[in-house]
Amino acid sequence: MVRQQLPQWLEKYALKLSQMNAFGGNTANHVLINEYASGQGIMPHEDGPLFYPTVATINTGSHTLLDFYTKNSQTVEGDADPNPQRIPVFSILLEPRSLVISQRDAYESYLHGIREVKSDVITDRIANLYLCDSHVIGEELERSTRFSFTIRFVPKVVKNLLFLK
Ligand SMILES: O=C(O)CCC(=O)C(=O)O
Ligand SMILES: [Fe+2]
């Protein structure tokens, strides 16, 4: 990875999170911006060893549901798809204008993903429901466009790129 200056408006948030000690005394140096149209998501995955085991995500635009899966999670019974749908152990409702910090077990022991659906149903598997705006079980929330700002500390970066002819 090659070092580049973060734009000032974004650096402000990276510094703020670092000052909150989100990255174990390190200063965040990596931001990934994702745009999801309604119906778009991201397959269950782990973020891997390149990053310090903490990820801070600022959520803007639509809500979404971030699902956590065990690495050998069960799949939906009878699903013949070669890439069958996994069953999440729990989910986190990511509200607009919210911050979520994943670390330790959430980072290392589970896969995380966002299903490719246009709406989400509120269930008792949403671990942070008690912290969210009031919702009732069974309620359906329509997704719209969402932007996420995933802020991390990457221990190994290359200071300059060397071009060889
Ligand atoms: O957009 C998000 O909230 C999740 C993104 C993610 O998991 C990733 O980029 O590794
Ligand atoms: Fe991820």
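Throughout, read-outs are computed from the coordinates displayed, never taken from laboratory work. This is a predicted model, so every value here is computed, not measured. FYI the Cβ positions are ideal-geometry reconstructions off the backbone, even for glycines, and counts take in every protein chain you see.
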Between THR70 and MET20, what FRET efficiency comes out of the Förster formula 1/(1 + (r/R0)^6) with R0 = 35 Å and r the beta carbon distance, rounded to 0.05? 0.75
From the residues GLY25, GLN40, LEU50, which one has its Cα farthest along the dipole of the range 8-152 in the positive direction, the dipole being from +1 and -1 charges on Cβ of Lys/Arg and Asp/Glu about the Cα centre? GLY25
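Starting with the highest mean, order 23-32, 106-115, 136-145, 121-130 by the number of other Cβ atoms within 10 Å, averaged over the residues of each peptide.
Working: 23-32: 16.0, 106-115: 17.9, 136-145: 11.8, 121-130: 14.1.
Highest-to-lowest ranking by the protection proxy: 106-115, 23-32, 121-130, 136-145.
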Here the range 97-108 yields Karplus 3J(HN,Hα) values (6.51, -1.76, 1.60; θ = phi - 60°; whole Hz; Gly and Pro given as x) of 6, 10, 10, 10, 10, 10, 8, 6, 3, 4, 8, 9
Each label sits 7 Å from Cα toward the beta-carbon; between GLN85 and ASP105 the label points are separated, in nm, by 2.6
Antiparallel versus total DSSP beta bridges in the range 8-152: what percent is that, nearest 5? 95
For the pair HIS45 and GLU142, how long in nm is the line joining their label points, each one 7 Å along Cα→Cβ? 3.0
Debye, to nearest 20: dipole size of the range 8-152, +1 on Lys, Arg Cβ, -1 on Asp, Glu Cβ: 540
May I ask for the angle, rounded to the nearest 10°, between helix 8-19 and the longest principal axis of the chain, with both axes built from Cα atoms and the value confined to 0 to 90°? 80
Can you tell me the FRET efficiency between ARG97 and LYS156 if r is taken as the Cβ-Cβ distance and R0 is 35 Å, rounded to the nearest 0.05? 0.60
Counting every Cα pair in the chain, what percent are over 26 Å apart? 34
